[in-house]
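*Asks:* Dropping a structure here in structure tokens format, bear with me for questions.
The values are calculated or read from the model by the stated rules, or taken from the named source; none is laboratory data. Note that this is a predicted model, so its numbers are computed, not measured. Cβ coordinates were reconstructed from backbone atoms using ideal geometry, including for glycine residues, and neighbour counts include every protein chain displayed. For the accessible areas, the whole protein counts, side chains as well, though only heavy atoms, and no ligand, DNA or RNA atoms are used. Shrake-Rupley method; radii C 1.70, N 1.55, O 1.52, S 1.80 Å.
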Amino acid sequence: MKKAFFILLNTVFLLLAFKIWAESGIVVYVNDDAAGDGNGSSWLNAYTDLQSAIDSAKPNDEVWVAAGIYKPGVEDRSEYFQMAKGVSIYGGFSGDEDPATFNIINRDFISNATVLSGDIGAEGDDTDNCYHVFYHSGDLSLDETAVLDGFTVTGGKADGDNVRSEGGGMYNVLSSPIIRNCTFVDNYAVEGGGMHNVSSSPVLTNCIFVGNSALEGGGGMCGLSSSSVLTNCLFSDNTVSYGYGGGMYNGLYCSPKLMNCTFSGNRGLGGHDGMSGRAVTSLSSTVLTNCIFWGDTSGEDHIYNDNATPSVTFSCVQGGTGQAWFGTGCLDINPEFVDATNGDFNLLPSSPCINTGNPDTTTSDAGFEDLAGNPRIGDARIDMGAYEFNKIPPPPPPFIPIPIPVLHESSITDSILKLEIDPFPESRDGVVHLRTQWRLYDSGCDENNCDKPIILNNYTDKGHAILKIPMIIFDDYNSNEWQTRFEVGFSSNTFLKKWSQWAWPGSMPYFQAIGFDEVEYDTDLDSNGVSDKKQDEFKVIKTYDGNAEIGFKIKSGYSFAFKAIQAIKPESFDDDSESRFLPFGLVSFKIDGISEDSNGEVEVEIYFSIPMPDGSKLYCYSTEKGVLEAMEDIVFNEKGTCVTLKVEDGGRGDFDGIANKTIVHTSGIGLKNSDESQVIPDGGSMDVGGIGCFIGVAGTFLPKE
């Protein structure tokens with residue numbers, strides 16, 4: 001996922017109300033446009049490389065960084081920035097400030113955006129991004145004398161192995177720096193998309209975590225044996241694909257303390273959206289004071305605990321009533337944000353969170369200013385959340401027209417429906433594309449109103465102008481239409497997000513429903529001694545060359561049945577350029593009639609006629625990114641001939657993106673980035689190298705009428 005890193009600075013990023021001077025040290029200057037001697041002695045002779053400036057600084061020095069985009073390296077994904085003990089690093093300068101007369105609380109973070117980006121290599125291609133924008137290893141042992149203040153941290157992609165899978169924005173090990181006035185946006189990791197802390201206790205004030213993502217835990221932040229301290233921070237629109245804690249995940253032996261923080265719009269597996277806590281002893285706990293947890297995507301488990309002992313007081317938590325941790329002064333009432341849909345988490349005058357924070361909280365606890373630069377404790381008592389109520393509302397942003405998507409003619413190839421639009425216009429002053437929403441429905445809607453049944457509701461990231469859909473999603477002959485719209489952000493108000501109008505509905509080509517495959521195979525893929533063709537609940541298809549079979553069975557205990565199974569050649573679906581070994585290709589299955597008593601979940605067993613080697617995974621097609629991504633929490637049997645996965649209506653593994661009592665899933669078994677080869681019976685050997693080496697699957701099953 002690659003959003004423009006300059007769009008999500010705070011509306012008004014002001015510093016804490018005190019003046020910081022370089023007392024016993026010197027100022028080291030950094031400006032990527034400098035053309036002087038490059039020794040950091042002045043703006044004219046500033047370093048152009050940030051890490052070089054940090055390395056040259058001595059304890060008590062300050063590093064002043066002018067507006068611009070700074071990267072840890074050029075091509076090597078393992079490069080990263082590192083802070084240093086005793087060195088304070090400040091961003092947000094125009095490049096002409098005099099330390100003798102300039103007070104750094106007057107920096108302008110909007111006009112002088114200072115971006116630290118992991119987008120090395122091909123710009124806009126996140127597959128070659130740095131694993132971490134910042135990596136602080138245990139030998140650094142950073143403490144409170146290491147300060148980072150006034151930056152946007154973006155583009156880290158920790159999708160590697162071991163430590164390279166944690167903390168895309170910042171990875172701290174035995175390091176506890178101070179982070180102020182920073183935005184962590186658009187970072188990815190297996191754990192801790194924005195930040196991952198291990199045995200660390202960083203102190204964060206007036207920071208924002210927006211649009212970060214993780215595979216397994218902590219889309220915004222993740223911790224292990226750590227005690228982070230956060231004040232006046234916002235977590236919004238962070239996601240976890242197959243784990244817990246869309247906003248924050250606190251693992252074993254974590255004791256974070258959060259004051260006046262807001263969590264909203266985050267998404268995690270199974271509804272564990274805002275914060276997840278997990279502990280094995282009572283020594284692990286979370287302390288929340290004056291916080292707001294409201295409006296996370298699923299509306300469930302804004303604070304989820306697994307054997308943890310949180311302390312939650314004077315906080316507004318959706319669904320908190322009746323929970324053991326719902327403590328003194330807590331509310332379970334809509335906090336009444338100004339416009340949460342568009343990222344404005346200020347409080348309306350009627351908000352119940354005004355003047356209801358802990359009456360003992362002072363500015364020495366919560367700081368002199370909130371996240372928007374308003375005075376803290378504007379009245380007799382502090383408010384809940386990251387934003388203190390401002391009696392004088394900010395002026396509305398200037399009107400900027402939002403482009404409407406231009407639809408291309410849709411097409412069908414190899415049972416794959418291809419929808420395409422014009423890319424978002426590149427030169428659009430003041431407007432930045434965030435994502436695109438696509439929906440399919442029965443025909444008969446106009447450009448802005450649709451009361452027809454929605455068949456599919458998907459989102460794609462910025463830069464994706466094509467959506468591919470397996471035809472198995474449709475029940476019958478074509479009578480459908482499709483629409484798209486853009487979500488954008490505004491450079492003048494980077495928390496404001498708005499949708500364009502829907503494009504005028506586009507028609508789809510006429511097609512016939514997927515045909516029946518009445519062949520019954522005399523196999524016993526599940527090794528139960530009964531021929532597969534004699535088991536009504538067991539469905540089998542063959543590879544296109546007839547040399548291998550795949551079987552499908554809904555695990556016992558469910559009353560559902562397969563509506564259809566569609567085999568797909570990966571080259572017609574997968575846009576990812578990474579080599580993948582998929583000897584059975586991709587396959588889609590459809591299950592109808594999902595009942596509420598199952599919580600929308602179904603376990604499916606997939607059998608294959610040859611054992612898969614160790615390290616094999618199930619790759620699920622992601623419409624959001626247009627690539628295949630490995631699913632977690634799947635189980636292979638000992639022989640390597642069966643995998644069990646759990647899919648959820650409208651959630652994990654459901655292609656259509658809506659809870660409609662129907663699950664449509666597309667995935668494939670294989671090895672990624674492996675040097676091994678797999679022998680298919682009577683089919684020879686296939687090398688894994690190159691792009692997209694696989695054996696495709698052909699054949700379709702539909703139940704007989």
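*Asks:* What is the number of the single condition among (1) within 15 Å of MET83 (Cα to Cα); (2) open to solvent by 10 Å² or more (accessible area, probe 1.4 Å) that GLU166 does not meet?
*Replies:* All conditions are met except number (1).
*Asks:* Could you check the range 567-616 and list, in sequence order, the residues that are surrounded by fewer than 20 Cβ atoms within 10 Å (Cβ to Cβ), in contact with a helix residue (DSSP H, G or I) (Cβ under 8 Å, 6 or more places away or on another chain) and either at pLDDT 70 or above or not small (Gly, Ala, Ser) (or both)?
*Replies:* GLU578
*Asks:* Give, as residue ranges, the strands (runs of 3 or more DSSP E) completely inside the range 190-240 that count at least 3 residues that are touching a Gly at 6+ places or on another chain (Cβ under 6 Å) and either crowded, with 24+ Cβ neighbours inside 10 Å or on the phi < 0 side of the Ramachandran plot (or both).
*Replies:* Filter on the range 190-240 gives 195-198, 213-217, 221-224.
*Asks:* Now a separate question. Which condition number does ILE663 fail, the rest of (1) under 26 Å from GLY243 (Cα atoms); (2) open to solvent by 50 Å² or more (accessible area, probe 1.4 Å); (3) modelled with pLDDT of 80 or more being met?
*Replies:* (2)
*Asks:* Name the residues in the range 73-94 that are surrounded by fewer than 20 Cβ atoms within 10 Å (Cβ to Cβ) and either more than 15 Å from GLU62 (Cβ to Cβ) or of a type in the set (Phe, Trp, Tyr) (or both), would you?
*Replies:* GLY73, VAL74, GLU75, ASP76, SER78, GLU79, GLN82, SER94 - these are the residues of the range 73-94 that are surrounded by fewer than 20 Cβ atoms within 10 Å (Cβ to Cβ) and either more than 15 Å from GLU62 (Cβ to Cβ) or of a type in the set (Phe, Trp, Tyr) (or both).
*Asks:* Show the residue pairs that are 6+ apart or on different chains and have beta-carbon atoms under 9 Å apart, the first residue being within the range 252-264 and under 16 Å from ASN358 (Cβ atoms), the second being among the charged types (D, E, K, R).
*Replies:* Close Cβ pairs (under 9 Å, with a partner that is among the charged types (D, E, K, R)) amount to MET259/ASP365; ASN260/ASP365; ASN260/ASP370; ASN260/ARG376; ASN260/ASP383; ASN260/GLU388.
*Asks:* Can you work out which of the residues in the range 291-310 that are over 17 Å from ASP237 (Cβ atoms) and buried (at least 20 other Cβ atoms within 10 Å of the Cβ) is modelled with the highest pLDDT?
*Replies:* The qualifying residue modelled with the highest pLDDT is CYS291.
*Asks:* Next question. Can you list residue pairs whose Cβ atoms sit under 8 Å apart, with the first residue in the range 329-341 being open to solvent by less than 30 Å² (accessible area, probe 1.4 Å) and the second being assigned to a strand (DSSP E or B) and among the aromatic types (Phe, Trp, Tyr)? Count only pairs 6 or more apart in sequence or on different chains.
*Replies:* Filtered contacts from the range 329-341: PHE337/PHE345.
*Asks:* Tell me, which residue of the range 116-134 that is under 20 Å from the mean Cα position of the chain (by Cα) and open to solvent by 40 Å² or more (accessible area, probe 1.4 Å) is farthest from ASN31 (Cα to Cα)?
*Replies:* THR127
*Asks:* Picking from ALA380, ALA372, ALA366, ALA386, which residue would you name as being under 27 Å from GLY150 (Cβ atoms) and surrounded by fewer than 23 Cβ atoms within 10 Å (Cβ to Cβ)?
*Replies:* ALA372
*Asks:* Just to be sure I understand the filter: pairs with C-beta atoms under 7 Å, separated by 6 or more residues or on different chains, first member in the range 115-141 and at positive phi, second member hydrophobic (A, V, I, L, M, F, W, C) and open to solvent by 40 Å² or more (accessible area, probe 1.4 Å). Which pairs pass?
*Replies:* Short answer, once both residue conditions are applied: SER141/LEU174.
*Asks:* Filter the range 176-185 down to the residues that are open to solvent by 10 Å² or more (accessible area, probe 1.4 Å) and of a type outside the set (Gly, Ala, Ser), then identify the one that is nearest to THR145 (Cα to Cα).
*Replies:* The extreme case among them is ILE178.
*Asks:* When ASN162 is evaluated against the numbered criteria (1) within 21 Å of the chain's Cα centre (by Cα); (2) in contact (Cβ under 8 Å) with a residue 12 or more places away in the chain, which criterion, by number, is the only one it fails?
*Replies:* Exception for ASN162: condition (2).
*Asks:* Within the range 53-81, count every residue that is under 31 Å from the mean Cα position of the chain (by Cα), farther than 19 Å from GLY92 by Cβ and not basic (Lys, Arg).
*Replies:* 8
*Asks:* When the residues of the range 144-163 are filtered to those that are open to solvent by less than 30 Å² (accessible area, probe 1.4 Å) and part of a loop (DSSP other than H, G, I, E, B), which remaining residue is farthest from SER94 (Cα to Cα)?
*Replies:* GLY160
*Asks:* Follow-up question, since we're still on this one. Show me the strands (runs of 3 or more DSSP E) entirely contained within the range 34-104 in which 1 or more residues are polar (S, T, N, Q).
*Replies:* Strands (runs of 3 or more DSSP E) meeting the threshold: 88-93.
*Asks:* So, one more: Restricted to the range 385-429, and to residues that are at pLDDT 65 or above and hydroxyl-bearing (Ser, Thr, Tyr), which residue is nearest to SER588 (Cα to Cα)?
*Replies:* SER415
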